[in-house]
Amino acid sequence: MSKSSGQGLSNSGLPKFLIGSEGGESRELDDKDMRNISGPYGEDEEDDQAERQIVVGICSMMKKSNSKPMTEIMERLCKFEYITVVIFSEEVILSEPVEKWPLCDCLISFHSKGFPLDKAVGYAKLRNPLLINDLNMQYFIQDRREVYRILQEEGIDLPRYAVLNRDPDRPEECNLVESEDHVEVNGEVFHKPFVEKPVSAEDHNVYIYYPTSAGGGSQRLFRKIGSRSSVYSPESTVRKTGSYIYEEFMPTDGTDVKVYTVGPDYAHAEARKSPALDGKVERDSEGKEIRYPVMLTAMEKLVARKVCLAFKQTVCGFDLLRANGHSFVCDVNGFSFVKNSMKYYDDCAKVLGNMVMRELAPQFHIPWSIPMEAEDIPIVPTTSGTMMELRCVIAVIRHGDRTPKQKMKMEVRNALFFELFEKYGGYKSGKLKLKKPKQLQEVLDIARQLLAELVLHNDCEIEEKKSKLEQLKTVLEMYGHFSGINRKVQLTYLPNGQPKASSEEEDSLKDGPSLLLVLKWGGELTPAGRVQAEELGRAFRCMYPGGQGDYAGFPGCGLLRLHSTYRHDLKIYASDEGRVQMTAAAFAKGLLALEGELTPILVQMVKSANMNGLLDSDSDSLTDCQQRVKARLHEIMQKNKDFSEEDYNKLAPTGSPSLVNSMRVIANPVKTCDQVHTLIKSLTCQICKRLEDPKSADLQLYHSETLELMLQRWSKLERDFRMKNCRYDISKIPDIYDCVKYDTQHNSSLSLEDTLELFRLSRALADIIIPQEYGITKAEKLDIASAYCLPLVKKIQLDLQRTHEDEAVNKLHPLYSRGVMSPGRHVRTRLYFTSESHVHSLLSIFRYGGLLDEQKDEQWKQAMDYLSAVTELNYMTQIVIMLYEDNNKDPSSEERFHVELHFSPGVKGCKDEDNAPMGFGFRPASSENHEKQTNQGSLEDLSQDEPDRAVLTEPINIQRKSPLIRNRKAGSMEALSESNTTSRGLAYRILPSSSRQSPEIKPSGLGFEGCSLVPSIYPLETLHNSLSLKQVDEFLTACCKNGSQSQFKRLKSLSAMFESHSQPSIDVDSQETPMSTPVQLNQPAAKPIWYTGDPPSTVSSAGPSSPSVAESSSNFEFNNE
């Protein structure tokens, strides 16, 4: 404090802190104190003016007056020599007339439950003190409608909203139209997710309603009770009594910002976990809610000033939502203090004391001048020394374990289907995807109507086959309710009808247009899949700085702290498949130590990214190259003789050991298919016998499947696999393997004969068919990979280029970073959850695109050998790219930025232990030390000699004891990377081997059914750990440049097909609400397409070593998220 304000300190140094009572007197005061506060109301005007005290009155309910923040601030305020604080007792406030209330020169008074605001207004009129917070405006603050009106008048951004006023006597007479996935209020439509707030600010029962495509239901927020602030409810319909504000839900990535002003020029901001996320209140060792101070942007400081002045509340709290690059005010609370911050207490008392002295000192001739202090400039330290700083983590991850996918195709010509196609805009693109409950209900209604007509008129001209219509009806009626996560219908316009394509299509060719109806069901994420994703999320924490610490019983405190303090720039993207989105939500739950249901996490944390081909692919429209590859595969696999040398050259020109081994197992493809078909028939017979057994009547299989449903899927495969011409449809092999893998893992309790033999043979076939469908030769693999994931490659390149921070990035205030190394650290994480096709394609680009020369780089050769030995990219396969910065190197040096490439083939399959390929661990030693440490972190090491590696050896404590990445060095991964590091390989274990876990074990707290095994996940293996950013950037640029012309045509058609959308949305059904900007071709703009005003993580690329976006030849761009 400056000299002038120091003069205001009491000589005794003790606070003059009084309790007011009636008649203006005060208890526990001596005569001199009474004289000090009598002032203009007493008879002692002849006393020395220097003795005159300015009395600050505190008029509020006792719970507030006696709170820790109020006590801390008032004690500091009393250290001003000329200020005395008087607290009005609650008894006086409630019982006495205002004429008998204590006298004061300055009044701090605010409303809370039970407070007589009318009396306080009367007192202010009577005594006319200086008001710190205007009293009349506090009436408005109690009504959310008035709050929003004032905010709007002041030009402050707030979510789009509408007010629904109901007459309590006639609640049904209101302007509200409710539909399944939206409400219409006064003509304004709000699609789910939306927020429903009572108009009374005192009512904290705020509800958030989720779309059916995300699982439906609602999150019910309330004033904190113990450790909960909200609870998930399956109820999806809005409240029918009372008046409410309906507003658009803002995707905030799960964090709210609370801002506390003290006058228009001071604001303190804190981050806390959003109560809407999982409802669990994070508390510290003292039981206080955990909050982290954050820095406000210049625009947010202006908003704080506007709120403070508009509501005439010097001390004022309000809530900010940071979403889509903007900050929105969603609530103004009026008088509110920060709960636990010594610096805030100091600042608040200083600001209030100076304000009181500035206004009243001249009036009472008190010597005082405004203190001039230099503004605190936060100095953000940088990382130094030999350590490298983690700057960016990019992971592309396949979804978790799922139920078998099932599909049925039928050509339809009935006018009802064409009407439906037109209704939902199918003619615009020639394709239509129906996922919403209302849409699926319409398809079901058509199927029922056509079947009814078939019964009435056998000769009617309904061209749809009865058996297919019945299957359509049966599948749509499953579960008793609709959810877009479970089923979908796709319609494709065929101008000339469809030629006969398989044994299923018996109709002769017909003239005229038709629609190809594809019904897809199954493919849901299983409970085991959720556990896998959540545990992997937990393990991912350990790759971040501080990862080995402990945070409320969880490892990975470094990441959690980073995220809570806005220094973790996290975006999670998922394709629009339900299983992929739920995997992403479960992963986020584990990564950020969240609790509760997945739906709220999905809606807030996961962004759908399916409009630009980023993570979705249209599997029904194959490229020319893919069609040629499938035809060749079909031809080779139909030969009824052992594979010849020529066949090996045709089918495995890359010489991949996994392919060659599978071909040896198969020997004669037709005979193997015969065996598989025989085994399937045996399986269906066994299931039929079980069905006839009365003991099996109520047998529940995994994930609520019944024996009837199990029989249906196997019978369909039996029919479809062997066609009527006695040839085999090899496109069904992945489905057969899918089903037998599922039943071997989840339904082994049935003890069906020969399932393991069926598993062995179908796996050998699938290990050829699945990877080779993505190309047989290297050139084909690259061509098909480009068609699938060129947009994703471009996005990864942009993610790597934008590694520098700028002012707009939300950061932790450095003054509050005690205990956290490098408070300026900012890590960018981009997680992309997708399906098998994108993972295969991206891996093909890295393997065959020419990133490195195997002949010249020994580490890359070993990595390629390892990848060639991997037979399957199973559930939870991961491709991880990590970018580090060495701050000691010159910014223009290629050595400044360092890229590492890691890979895991996902979950372990049955009988995998013996054949597991050997890698070299996660972040192994550099090549010069390689001979001393061979095979570190290999799969064998994980389960044998090193108990500290296989962290989980028992199937219990899964939730509590999370896997850690082990590092021989003491401390954490702050010692992140150095080119000559000798640290040992790091690895993480997800779950114990399924072979040791009995089917009856039901891990507590994980919410999955006990009759299943949860296989462990292979640890990450490092493919390369000494790439430069320039190398990787040039490689990705070349990949985009070399994309086939057909890919560019495809991108152009995409661009023409969809309009540009500047506002991202998290609506999972993004046919209606596209998430991100579609691909844009050859359109140089003043501002890049990806710019949406969102605080970018970077302002430049990594200097000269990283080409800018403009230098890239592929002129399609993405949202900067």
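Only one of (1) more than 23 Å from Leu598 (Cα to Cα); (2) crowded, with 20+ Cβ neighbours inside 10 Å; (3) of a type in the set (Val, Ile, Thr) is not met by Val257, so which one is it?
Result: Val257 passes all but (1).
Those residues that are at pLDDT 85 or above, among the small types (Gly, Ala, Ser) and on the phi < 0 side of the Ramachandran plot, I need them from region 428-484; list them, please.
Scanning region 428-484 gives Ser429, Ala447, Ala452.
Could you list all residues from region 344-358 that are touching a Phe, Trp or Tyr at 6+ places or on another chain (Cβ under 6 Å) and either open to solvent by less than 30 Å² (accessible area, probe 1.4 Å) or of a type in the set (D, E, K, R) (or both)?
Within region 344-358, Gly353, Met357 meet the criteria.
Can you find even one residue in region 98-107 that is more than 52 Å from the chain's Cα centre (by Cα) and at positive phi?
No - not one qualifying residue is present in region 98-107.
Of all residues in region 214-233, count the ones that are under 22 Å from Ser179 (Cβ atoms) and either among the charged types (D, E, K, R) or open to solvent by less than 10 Å² (accessible area, probe 1.4 Å) (or both).
6
Taking only region 626-650 into account, find how many residues are in a helix (DSSP H, G or I) and closer than 14 Å to Ile733 by Cβ.
4
I'd like the full set of residues that are at positive phi and of a type in the set (Asp, Glu), limited to region 241-264.
Asp253
With the requirement that a residue be in a helix (DSSP H, G or I) and either in contact with a Ser or Thr (Cβ under 9 Å, 6 or more places away or on another chain) or open to solvent by 10 Å² or more (accessible area, probe 1.4 Å) (or both), what does region 75-99 give you?
Glu75, Arg76, Glu90, Glu91, Val92, Ile93, Leu94, Ser95, Val98, Glu99
Given the residues Thr672, Thr744, which is the only one that is open to solvent by less than 50 Å² (accessible area, probe 1.4 Å) and at pLDDT 95 or above?
Thr672
Taking region 761-779 on its own, how many of its residues are part of a helix (DSSP H, G or I) and either among the acidic types (Asp, Glu) or surrounded by 16 or more Cβ atoms within 10 Å (Cβ to Cβ) (or both)?
So the count comes out to 12.
Go through region 675-692 residue by residue and tally those that are open to solvent by 10 Å² or more (accessible area, probe 1.4 Å) and either on the phi > 0 side of the Ramachandran plot or touching a residue at least 40 places away in the same chain (Cβ under 8 Å) (or both).
6
Tell me whether region 880-887 contains one or more residues that are at pLDDT below 90, crowded, with 21+ Cβ neighbours inside 10 Å and among the hydroxyl-bearing types (Ser, Thr, Tyr).
yes
List the number of the failed condition for Val238; all other conditions in (1) buried (at least 20 other Cβ atoms within 10 Å of the Cβ); (2) closer than 30 Å to Arg579 by Cβ; (3) over 25 Å from the mean Cα position of the chain (by Cα) hold.
Among (1) buried (at least 20 other Cβ atoms within 10 Å of the Cβ); (2) closer than 30 Å to Arg579 by Cβ; (3) over 25 Å from the mean Cα position of the chain (by Cα), Val238 violates only (1).
In region 386-441, which residues are open to solvent by 10 Å² or more (accessible area, probe 1.4 Å), within 33 Å of the chain's Cα centre (by Cα), farther than 27 Å from Asp720 by Cβ and aliphatic (A, V, I, L, M)?
Met387, Met388
Just a yes or no: is a residue in region 166-184 among the charged types (D, E, K, R), assigned to a strand (DSSP E or B), touching a residue at least 24 places away in the same chain (Cβ under 8 Å) and open to solvent by 70 Å² or more (accessible area, probe 1.4 Å)?
Within region 166-184 (the criterion being among the charged types (D, E, K, R), assigned to a strand (DSSP E or B), touching a residue at least 24 places away in the same chain (Cβ under 8 Å) and open to solvent by 70 Å² or more (accessible area, probe 1.4 Å)), the answer is no, since none of the residues qualifies.
Could you check region 311-336 and list, in sequence order, the residues that are in contact with a helix residue (DSSP H, G or I) (Cβ under 6 Å, 6 or more places away or on another chain) and open to solvent by 20 Å² or more (accessible area, probe 1.4 Å)?
Matches in region 311-336: Lys312, Ser327.
The values are calculated or read from the model by the stated rules, or taken from the named source; none is laboratory data. Everything numeric in this text was worked out from a predicted model, so none of it was measured. A quick note on method: Cβ atoms are made from the backbone with ideal geometry, for glycine too, and the neighbour counts reach across all protein chains shown. Heavy atoms of the whole protein, side chains included, go into the accessibility calculation; ligands, DNA and RNA do not. Shrake-Rupley method; radii C 1.70, N 1.55, O 1.52, S 1.80 Å.
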